[in-house]
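Encoded as structure tokens, the structure appears first; notes follow it.
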Amino acid sequence: MYSQDFNSVEIILASNSPRRKQFFKEAGIPFTVKTFEVDEIFDPTLKGAAISNYLVKLKAAPFQNHIQSNQIVVTADTIVWGDDQYLGKPKTKADAKQMLRLLSGKEHQVITSVAFTQKNKQLLIHETSSVTFKKLSDQEIEFYVNEFEPMDKAGAYGIQEWIGTIGIERIEGSYTNIVGLPMAQVLQCLIQLTSN
């Protein structure tokens with residue numbers, strides 16, 4: 001649907017996330033994937049969206065010396081902010097279980113920042129969604145961590161997986177943002193950038 005609108009530019013999705021690639025395909029956005037390894041280290045005094053905003057700029061930085069005038073590089077970072085702390089991807093299964101216990105029975109925020117980097121400018125947006133988990137039992141947490149793939153997901157869960165089906169009572173805001181990319185907002189930005 002949109003592919004003809006983007007013929008004048010090359011859109012580079014700087015992400016190996018299968019979920020983000022799928023969203024771009026489903027939206028009809030033509031893209032290529034290119035990534036650089038980046039150490040996702042940030043100042044521990046940063047909070048909430050300041051973290052994901054910093055990280056997307058960090059991910060975009062390696063492209064800035066190579067970017068062509070007809071290219072747009074899209075970098076994204078999703079974090080979970082719960083109990084006034086940053087919850088990234090768990091390093092171990094024990095870490096994943098601890099994160100899920102922390103989120104159990106409470107509301108938390110999922111924040112995705114997206115940077116659109118061009119040769120001489122950068123547009124930065126972020127979207128925040130609120131998610132409320134029911135009180136999760138230890139058996140539910142154990143089952144999810146052992147049977148699914150929490151290790152590559154911020155906050156140790158994927159809303160589109162089993163735990164989202166049985167555990168989430170309420171969401172406010174963009175659903176796709178919780179999965180990893182606020183697609184309505186991303187599409188709006190790409191149309192705006194390519195129609196100028």
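A residue that is under 18 Å from Thr194 (Cβ atoms), small (Gly, Ala, Ser) and not in a helix (DSSP H, G or I) occurs somewhere in the range 6-14. So is Ile141 surrounded by 13 or more Cβ atoms within 10 Å (Cβ to Cβ), of a type in the set (A, V, I, L, M, F, W, C) and under 30 Å from Ile12 (Cβ atoms) or not? It is false that Ile141 is surrounded by 13 or more Cβ atoms within 10 Å (Cβ to Cβ), of a type in the set (A, V, I, L, M, F, W, C) and under 30 Å from Ile12 (Cβ atoms). Of all residues assigned to the range 96-105, at least one qualifies as being among the charged types (D, E, K, R), surrounded by fewer than 14 Cβ atoms within 10 Å (Cβ to Cβ) and at pLDDT 95 or above.
Note on the range 1-33: among residues that are exposed (fewer than 15 other Cβ atoms within 10 Å of the Cβ) and among the β-branched types (Val, Ile, Thr), the one that is farthest from Gly88 (Cα to Cα) is Thr32. Evaluating Ile111 against the criteria (1) hydrophobic (A, V, I, L, M, F, W, C); (2) at pLDDT 95 or above; (3) farther than 21 Å from Gln85 by Cβ leaves one unmet condition, (3).
For the range 17-33, the set of residues classified as free of Cβ contacts under 8 Å to residues at least 60 places away in the same chain and either part of a loop (DSSP other than H, G, I, E, B) or touching a helix residue (DSSP H, G or I) at 6+ places or on another chain (Cβ under 6 Å) (or both) consists of Gly28, Pro30, Phe31, listed by residue number.
Restricting to the range 47-65, and then to whatever is among the hydrophobic types (A, V, I, L, M, F, W, C) and touching a residue at least 24 places away in the same chain (Cβ under 8 Å), can you tell me which residue is farthest from His108 (Cα to Cα)? Don't jump to the end; show me each part of the working.
Keep residues of the range 47-65 that are among the hydrophobic types (A, V, I, L, M, F, W, C), which gives 49-51, 55-56, 58, 60-61, 63.
Still in the list and also touching a residue at least 24 places away in the same chain (Cβ under 8 Å): 49, 51, 55-56, 60, 63.
Values: Ala49: 13, Ile51: 16, Leu55: 20, Val56: 21, Ala60: 27, Phe63: 33 Å.
Across the range 47-65, the extreme among qualifying residues is Phe63.
Filtering the range 34-66 to residues that are surrounded by 11 or more Cβ atoms within 10 Å (Cβ to Cβ), among the aliphatic types (A, V, I, L, M) and modelled with pLDDT under 95 leaves only Val38.
Filtering the range 155-168 for residues that are without any contact (Cβ under 8 Å) to a residue 12 or more places away in the chain, assigned to a loop (DSSP other than H, G, I, E, B) and of a type in the set (Ser, Thr, Tyr) leaves an empty set.
The values are calculated or read from the model by the stated rules, or taken from the named source; none is laboratory data. A quick note: this is a predicted structure, and the numbers were derived from the prediction, not measured. Glycine gets a Cβ as well: all are built from the backbone with ideal geometry, and neighbour counts include every protein chain shown.
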